[in-house]
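Let me begin by presenting the structure, written as structure tokens, before commenting on it.
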Amino acid sequence: MQVMSLAKSLTSVLANSDTERPVCAWLKRNPLVVSHGLGGFPYYVVAEFPFGSEFRADFVRLCPSSGAWDVDFVELEPPGSDLFTKQGVPAK
């Protein structure tokens, strides 16, 4: 899918979603957006990565880096939710 087509498709999903699940499903179908959207040289993107039996990250991105691995945990929030309060404090 071309970049402009991807952008239009993602914009549509964001505009028509009340929860993060449709966005997560779209990103699962387009994992290069997660892998390249965070910069670096991505190698793996894993959807719904479990933390034990209770928790999971929406995505985990693994990138090789000078003999080690950089790991990014990606947690999606609903498209319309405020990430910060008016005082600039992270929202719950």
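Here are the numbers for this structure:
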item	result
Members of the stretch 29-46 found to be within 30 Å of GLY67 (Cβ to Cβ) and in a helix (DSSP H, G or I), listed by number	PRO31, LEU32, VAL33, VAL34, SER35, HIS36, GLY37
Of all residues in the stretch 13-46 being of a type in the set (D, E, K, R) and open to solvent by 60 Å² or more (accessible area, probe 1.4 Å), the one that is farthest from PRO78 (Cα to Cα)	ARG29
Selection within the stretch 1-28 - without any contact (Cβ under 8 Å) to a residue 12 or more places away in the chain, assigned to a helix (DSSP H, G or I), of a type outside the set (A, V, I, L, M, F, W, C) and within 23 Å of SER81 (Cα to Cα)	LYS8, THR11, SER12, ARG21, PRO22
Residues being aromatic (Phe, Trp, Tyr) and either over 16 Å from CYS24 (Cα atoms) or part of a loop (DSSP other than H, G, I, E, B) (or both) - total across the stretch 68-79	1
Residue count, the stretch 47-67 (criterion: in a strand (DSSP E or B), on the phi < 0 side of the Ramachandran plot and open to solvent by 50 Å² or more (accessible area, probe 1.4 Å))	6
Boolean, ASP82 is touching a residue at least 24 places away in the same chain (Cβ under 8 Å) and not in a helix (DSSP H, G or I)	no
SER35 polar (S, T, N, Q) and in contact (Cβ under 8 Å) with a residue 60 or more places away in the chain	no
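The values are calculated or read from the model by the stated rules, or taken from the named source; none is laboratory data. These numbers were taken from a predicted model, which means no experiment stands behind them. For neighbour counting, all protein chains shown are included, and Cβ atoms are generated from backbone atoms with ideal geometry for every residue, glycine included. Heavy atoms of the whole protein, side chains included, go into the accessibility calculation; ligands, DNA and RNA do not. Shrake-Rupley method; radii C 1.70, N 1.55, O 1.52, S 1.80 Å.
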